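Derivation of every value follows stated rules applied to the coordinates shown; laboratory data play no part. Remember, it's a predicted structure, so these values are computed and weren't measured experimentally. Counting neighbours? That spans all protein chains shown, and the Cβs are built from the backbone with ideal geometry, glycine included.
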Amino acid sequence: MSYPKDIGIVDTMLGIPSQEDRQDWYESFKPLLKDEESRQMFSMPAQYMFKDIPETNNVDDFVKWTVEHLDRHNIETALVGFNPDGTSEAAAKNYPGRFAFEAPADPNGGMAEVRRLKALKEEHDIKAVSVFPAGTCPQIAINDREMYPIYAACVEMDVPIILNVGVPGPRIPLQTQKVEHLDDVCWFFPELKVVMRHGAEPWEDLAVKLMLKYPNLYYSTSAFAPKHYPQAIINYANKRGSEKIIYAGYFPMGLSLDRIFSDMENVPFNEDVWPKFLRENAKRVFKI
């Protein structure tokens, strides 16, 4: 069955662009990039993997521009990274209910980072914390001790942790994002909801095995055009994992919504999977 177009979608990875175009975030792990193409030529660190990255150069009002794209594709709510420059607060005020916020975190910050995250929860009701383990500088693995204060804080705040897993797109080492590391975390923190981001490749079969093992582990489809969703993930959603697989896009960082939803019609999900995948799982896991 093709995806039902009358469902109000929750997109669990979307961005509101800005004039800086995320360069501050790229600069944070630029010391890890060794090749000149990544350091000098790419506009985003994994550009070699994405064609036709959406252009935002001629946008005057980025929030309005983003909402227009949401409306065009029946996206009811988007989970976006909280930006302290005031954009996020303006988006929440001017478009109530259209945006929920996650807080990107750097475990290198120790307890100061924990306090910052708790303040964001108190002041802005963040719905999740996210970490890009391979992009921390220095790199910190998913199961390293430096991550545990972040995990404990998420349990206390009752919010999920979103973790990039699998081979990272930027040309940086992958060791920190091996899917096997999740086994330690899900075992030690049974109350922590863990959401995998960015594919888990080439260990998607292991990702499925761990989701079968741990009720607190989930998978989001971020950064993948639907025609590239791993077959193991589609099979799992259609059998035992219909409540574990969550839609996430990658707009405007790498994919256009036009590209995503033109592909979506061909994903062979079962009829009962679609509403869970597009909406219900995200609302339950992130309390949106």
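Which is farthest toward the positive dipole end of region 9-286 among Gly135, Thr176, Ala91, measuring Cα position about the Cα centre, with Cβ charges +1 (Lys, Arg) and -1 (Asp, Glu)?
Value: Thr176.
List the aspartates and glutamates whose Cα lies under 17 Å from the Cα of Lys276, skipping any in the same chain that are fewer than 8 positions away.
By straight Cα distance, Lys276 reaches Asp6, Asp11, Glu76, Glu243, Glu265.
What list of ³J(HN,Hα) couplings, whole Hz, do you get for region 243-256 from phi and the Karplus terms 6.51, -1.76, 1.60, once you set θ to phi - 60° and write x for glycine and proline?
Result, rounded to whole Hz: 9, 10, 9, 10, 5, 8, x, 6, 9, x, 5, x, 10, 7.
I need the peptides 237-247, 161-171, 182-192 ranked by packing, meaning the mean over residues of other C-beta atoms within 10 angstrom, with the highest value on top. Can you show the working numbers first?
On the way: 237-247: 20.5, 161-171: 22.7, 182-192: 16.4.
The peptides rank, most packed first, as 161-171, 237-247, 182-192.
So, in Å, what gap is there between the alpha-carbon centers of region 139-172 and region 216-230?
Answer, in whole Å: 18.
Can you list which of the DSSP-assigned H helices in the chain have a Cα extent of 30 Å or more along the long axis and an average Kyte-Doolittle score of at least -0.5?
What comes out of the filter, once short or polar helices are dropped, is none.
Give me the percent relative contact order of the chain, please, defined on Cα pairs under 8 angstrom at least 6 residues apart. Present the calculation step by step, with values, prior to reporting the outcome.
Values: 511 pairs, mean separation 67.4, N = 288.
With pairs under 8 Å counted, the relative contact order is 23 percent.
Could you list log10 I(q)/I(0) for region 85-175 at q = 0.11, 0.18, 0.24 Å⁻¹, which the Debye formula gives when each Cα is one point scatterer?
Per q value, in the given order, log10 I(q)/I(0) is -0.34, -0.83, -1.17.
Put +1 on the Cβ of every Lys and Arg and -1 on every Asp and Glu Cβ in region 9-286; which of Met211, Leu278, Ile9 then has its Cα farthest towards the positive end of the dipole?
Met211
Placing +1 at every Lys and Arg Cβ and -1 at every Asp and Glu Cβ, with all other atoms neutral, what dipole size does region 9-286 have around its Cα centre, in debye to the nearest 20?
620 debye
For Cα extents along the principal axes in Å, several values are listed as (i) 48, 47, 35; (ii) 47, 45, 41; (iii) 60, 52, 34; flag the one computed from this structure.
(ii)
In deg cm²/dmol, rounded to 500, what helix-only [θ] at 222 nm does the chain give when every DSSP H run of at least 4 residues adds -39500 (n - 2.57) and the total is split over its residues?
Numbers: 10 runs with 90 residues, N = 288.
Using -39500 (n - 2.57) per qualifying helix, the result is -9000 deg cm²/dmol.
Please compute, for the alpha-carbon atoms of region 151-253, the extent along each of the three principal axes and give them in descending order in Å.
On the principal axes, region 151-253 reaches 36, 35, 25 Å in Cα extent.
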